[in-house]
Amino acid sequence: MDYVSNTNKERNLMLKEIGVEAVEEIFSSIPEKVRLDRELDVSGGMSELELKNHINELAEKNYSLDEYTSFLGAGAYDHYIPSIIDHLISRQEYYTAYTPYQAELSQGTLQAIYEYQSMIAELTGMDIANASLLDGGSAAAEAVLMAARVSRKNKVLLSSGLHPAYREVTKTYGSPKDLDFVEIGLEDSTTDLDELESQLDDEVAAIVVQYPNFYGSIEDLERIQEMKDKYKKALLIVVANPITLGTLTPPSEFGADIVAGEGQSLGNTVNYGGPYLGYLACKGDRKFMRQIPGRIAGATEDAEGNRGYVLTLQTREQHIRRAKATSNICTNEALNSTISTIYMATMGKQGLKEVADQSFKKAHYLADKINELDNFEVVNFDNFFHEFWLKSKKPINKLIAHLKQNKILGGINLSRFGEEKGLLLSVTEKRTKAEIDELVELMGEM
Amino acid sequence: MAERLIKDYSSPGRKGYSLPPLDVPDLELEEYVGNKYSRDELNFPEVSEVDVVRHYTALSELNYGVDSGIYPLGSCTMKYNPKRNEDIARLNKLSQIHPYQKEEDVQGSLEILYKLKDDLAEISGMDEMTLQPASGAHGEFTGLLIIKKYFEDKGIEKSKVIVPDSAHGTNPASAVMAGFDVVEIDSNEHGMIDIEKLKEAVDDDVAALMLTNPNTLGIFEKDISEIADIIHEAGGLLYYDGANLNAVMGYARPGDMDFDVLHLNLHKTFSTPHGGGGPGSGTVGVKEFLKPYLPRPVLSKKEDCYTWDYDSPKSIGKLHAFYGNYGVLIRAYSYIKTLGSEGLKKTTENAVLNANYMKNKLKEEFVLPFEENNLHEFVLSGVKQKEKGASTLNIAKRLLDYGQYAPTIYFPLVVKEAMMIEPTETENLDTLNKFIETLKTISKEIEENPEVVKNAPHNTSVRKLDEVKAAREPDLRW
Ligand SMILES: Cc1ncc(COP(=O)(O)O)c(C=O)c1O
C-alpha cells in the first residue's frame, strides 16, 4: 500500500492545470544520463497484515527484556516507565509536529522544552540547560568542544572512568580540532588523582569525569574541584546519570562548569540504544550562554503582554550563523526530552529520590550476596551506586551463558571494551529480591 | 488560554507514581557515601497522575501536527506518519532489547537493520550505508569526517569545502565542525550552480562540494554530470545532502550522479515522525572506496548470522554511543516494506505533482523568482506583498490564523522574502486547494487591510511573540 490519496481523475486534472500530458514530462529536468532506467530493486508493497507478520517473524528471533531478567546497564538502564508517558507522547500534536519554528502554533512543544530545561537545571544544580542533544556520547563531546571555546585552551583530560564509547565519540568529535586528549587511568575503580594532578597545567581546557563513573563508583569530586581551582581557565565537565541525582549531591556543588550526559534513564525505553537524548546544562554567565550548543526555549510575552515561549538565543545556531555556529546540530531529540519531562513530573520530588534510592539499595543487596560466594569478588565494593564491577574466577562467558539459560541477562562482559576484565552488573528499582536471589543462586552453582 | 507550568500544580506531599515497597534490607546512602555526596533537596513538582495527564494534554492542544492538517514546510518533507509504524516500533520484542545484549540475542533486529541498510543503498545508488548518525547534521558531519580521513589516509592535504549559497545552514556548520574552511559560491540566475564560478572556486585544495539535488529551490542541477567531473578532476569528492530525496526516489539516484558520499534524513523522505524537533536519523551512504572509513561498528553478515564488526582500523571512530536511533530505523524499514519499489516511485511522482500544481496556482499571485522546472518543492518570493507592507513572516503568521501551518521562510537565503513550499505526496487536491485559497486570501488582505496581516496571528493561543525580549532578557527556566 501507499499513502497517496489523489485519484487518477484528480491527477489528470492537476496535470492539465500544470499543462503537461504526463507526469514524466515534469521529470524531464533530470538529464537522461542520470535517470534511473529500471525499477528499484526494493521488495515490499505489503498490507498491514503482511507487514505485521513479516516483522513478528523477525522479532521472534530476539531475546527481549520482557522474557529475560536484565542486570545490564553501562549507559542504558531498565527503569520503571509509567504508562501515562506513552499515552501522552502518542498524542499526534507532540509526535507529528516539526521543530517549533512557528512559535504561536507550537506552544505545547515550547513549554514542554522550557519545563524540561527547568527540571534538568534543578536536577544537575546548574543555571541553564539546552533543549537536548543527540545522545550521551555526543553530549559529552559537545561539552568538550564548548569547554575548549570558553577556555580557549586545548588540552582535554578524559578520565578512564568515563564510558569507553563516550570517550570514543568525544575523540571523534575532537579529531578535526586542535585538541590534545589525555586519558587519565584508574586507581582501583576511580580516576587516578595523582595522575590527574600531574597532567594539570595552564593548557587544560577541561577535565571530564563521570558521576557515578562507568564502573558505578563515585568520583572524589571534592578533590578534583580543589585541583581544578588552581587553574583559572580549566573547566570541570561532569557526565552524570541523571537518575542517580535523585539522591546524589548535584555536580554544581563540586564546582562543575558543564554537566552533560545521557537522559535515557529518565523514562525512555532501552530500545537497543536509541533514540535517547543527550542533555547539557551549564553555568549561566554570558560566556557560557554564548557558547552552549543546540536549541533553547525561553519565556517571553506576546503582543498583548501574555506569557508565551519561543526558541531563543538563536544567533548561536546553524540556521542563523551557518559556518560560525556553535554546533551544526539542528534536529535534536525533542520527543525523548518530552518523555523525560513527563517522567520527571510524574515521579516528582519523592519518586525520583525513591527510584535512585531503591536502585542503590537493591544493587548493594546483590553485591553483598555475591561477595559471600567463593568464586566472585566485587572490585568496588566500598564505592558504588547502582552498578558494580565484578571479578570472577570462572570464565565470564560461561557464567553469562549459564545465566541466560535461566532467563537472566547477568551483566556485561567488560572484555568487549578492551580495557578491564570482569563483569559489569547494574540493578534498578525494577528488580525484585526474588530475581536477585535467583541470580545469586545460579552464580553459586558455577 | 495559557496553560500554567507543571510546578504550579504542585501541592506538598502529592504523588503521581507508585513503586513496590522496598523488599531488600535498608541501607542509608549517607552512611555509605558520606553526607558530602548525599543530596539535601530536590525541588521537583509534587503532582498527581491526573495533574500530569491534564497538563500535558492541555499543552498538546496548543500544538499543531501533521495529523492536524497541511504542513508545507519546504525542505522538511512533513508527510503523514503512518500509525502502523508506531505500533511496530513499540513491539516489546523489538523495543525491549538492550544495546549490550550479545548479537546472538538480537538477530531479528539486526536482520531488520541489515535489510534497511541494503534497501537504502539501492534507493540511493550507494555501495554501503551506516545507520549510526542520529540526524541530518550528524550525517553531514560523519560524511565529511569520512572524506577528511580518506584524504589523510592517502597523504593528501585538502582544507576546503565548497557550499552553494542556497544550501541549508547545517552544511557550512558541519564543514567547519569537520575542520574544513567553507567556500560559499553564488547561484546563477536560474537558481543553479554557476559553472564558471564553480570552476574558479575549485582547486586542488578542495576536499568536497556539498550539494542538495534538487537544490533547496526544488530545481534539479541539470549540469550535475559536468559539476561532478569538475570536482573529481580536481581530486575532490562530491557530497549529497539527501534531505530532498523525496523528489527523485525511483527516478534517479545520487550514486548514479557520481556522488561519493551522502546522508538521508529518514525523518523526512521515509516518514518517521519529527517529534517536535527530533528524533531523526541521518544514515550515511558511501561508494566502495570509502567503506574502510565508515564509523565503527559496521553491521555485517557472516553466513546466516548478523554481527557488529569493530575491526576497522581506518574507521573515523564512533559518533553515537550505540548504533544510532534504532527506533527511528525500525519505522523507516516498516515504511519501505509497506511501499516497496512501486510505492516509493508513486510517492515521488505525487510529491512532484502536488508541488507543481501549487506552484502553478500561486505563481501569479506571488513572485516566482526562478522559472525553472521544479520537482517536489518550490520557492516563491513575497516581495510584492512586502511592498504593500506585509512580509513573508507576517504571511506565515496569518496562515496560522487560518488553521494551517506556514512554509519555510528562514531560508534559502538566495531569495528575498522566501516562502519555500513542500506539500508532499500525502496531501490531496482538496487540502492543496484549501491552502492555495488561503494564501490568495491573505494576499488580498494585504491589499485591502494590511494591518490584519501585520498583526497576525489573532486566533492562536498566544499572539505574536516578542523574540527580541526573549533574547535580551533570557528566561530559560523556572
Ligand atoms: C536541506 C537540508 N539539509 C540538512 C538538514 C539537516 O537535517 P537535520 O535537521 O536532521 O539535522 C535539513 C533539515 O532541516 C535540510 O532541510
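Points to keep in mind about this one:
- Cross-link pairs A:Lys155/B:Lys160; B:Lys102/B:Lys346; A:Lys361/B:Lys93; A:Lys228/A:Lys362; A:Lys361/A:Lys394 - those with Cα-Cα distance over 31 Å: B:Lys102/B:Lys346; A:Lys228/A:Lys362
- Shape class for segment A:151-296: rounded, because the ratio a/c of the largest to smallest gyration tensor axis (alpha-carbon atoms, square roots of eigenvalues) is under 1.5.
- Here A:Lys353, A:Lys421, A:Lys228 are placed in order of increasing Cβ neighbour count within 10 Å, fewest first, which gives A:Lys421, A:Lys353, A:Lys228.
- Violating pairs (Cα-Cα greater than 31 angstrom) within the set A:Lys9/B:Lys359; B:Lys79/B:Lys199; B:Lys337/B:Lys416; A:Lys61/B:Lys318; B:Lys222/B:Lys444; A:Lys283/B:Lys268: B:Lys79/B:Lys199; B:Lys337/B:Lys416; B:Lys222/B:Lys444; A:Lys283/B:Lys268
- Based on the reciprocal of the average 1/r between different C-alpha atoms, the Kirkwood radius for segment A:394-446 equals 11.7 Å.
- C-alpha long axis of helix A:433-444 to longest principal axis of chain A, angle in °: 60
- Per-pair calculated FRET efficiency, R0 = 41 Å: A:Thr315 and A:Glu48 via Cβ, rounded to 0.05: 0.30
- With a Förster radius of 51 Å applied to the beta-carbon distance between B:Glu189 and A:Lys393, the computed FRET efficiency rounds to 0.10.
- Fraction of antiparallel bridges per DSSP, the protein assembly as shown only, in percent to nearest 5: 60
- Across peptide A:134-141, the average count of Cβ atoms from other chains found within 10 Å of a residue's Cβ is 6.
- For B:Lys314, a cut-off of 12 angstrom between C-alpha atoms picks up these aspartates and glutamates, skipping any fewer than 8 places away in its own chain: B:Glu152, B:Asp153.
- The modelled label-to-label distance between A:Asp382 and B:Arg14, using points 7 Å beyond Cα along the C-beta direction, is 4.7 nm.
- Remark: relative contact order (chain B) = 19 percent; criterion is Cα-Cα distance under 8 angstrom and separation of 6 or more residues.
- Anisotropy class of segment A:83-342 from Cα gyration tensor, a/c 1.5 cut: prolate
- Per-residue 3J(HN,Hα) values for segment B:57-62, derived from phi via the Karplus relation 6.51 cos²θ - 1.76 cosθ + 1.60 with θ = phi - 60°, read 6, 4, 5, 4, 5, 8 Hz in sequence order (x marks Gly and Pro).
- Gyration tensor (alpha-carbon) shape descriptor, segment B:195-273, a/c threshold 1.5: prolate
- Kirkwood Rh and Cα Rg combined as Rg/Rh, chain A: 1.04
- Within chain A, helix-based [θ] at 222 nm, where runs of 4 or more DSSP H residues each add -39,500 (n - 2.57), nearest 500: -11500 deg cm²/dmol
- The long axis of helix A:107-124 is offset from the longest Cα principal axis of chain A by roughly 10 degrees.
- Legend: P(r) of segment B:84-338 from all alpha carbon pair distances, 10 Å bins from 0, whole percents, reading 7, 32, 35, 18, 6, 1.
- Residue order, fewest to most beta carbons within 10 Å, for A:Tyr116, B:Tyr251: B:Tyr251, A:Tyr116
- Each Cα pair under 8 Å and six or more residues apart adds its separation to the average, and for segment B:1-97 the resulting relative contact order is 31 percent.
- The Cα center of segment B:422-466 and the Cα center of segment B:309-323 differ in position by 47 Å.
- The mean sequence separation of alpha-carbon pairs under 8 Å and at least six residues apart, normalised by the residue count of chain A, gives a relative contact order of 20 percent.
- Degrees between helix A:164-174 axis and first principal axis of chain A (Cα, 0 to 90, nearest 10): 50
- Of all the options A:Ser132, A:Ser83, A:Ser118, the one that moves most in a Gaussian network model of chain A with Cα springs shorter than 10 angstrom is A:Ser83.
The numbers here are math on the coordinates, done by the rules we state, and not lab data. Just so it is clear, the model here is predicted, and its values are computed rather than measured. Cβ sites come from the backbone with ideal geometry, for glycine too, and all protein chains shown count toward neighbours.
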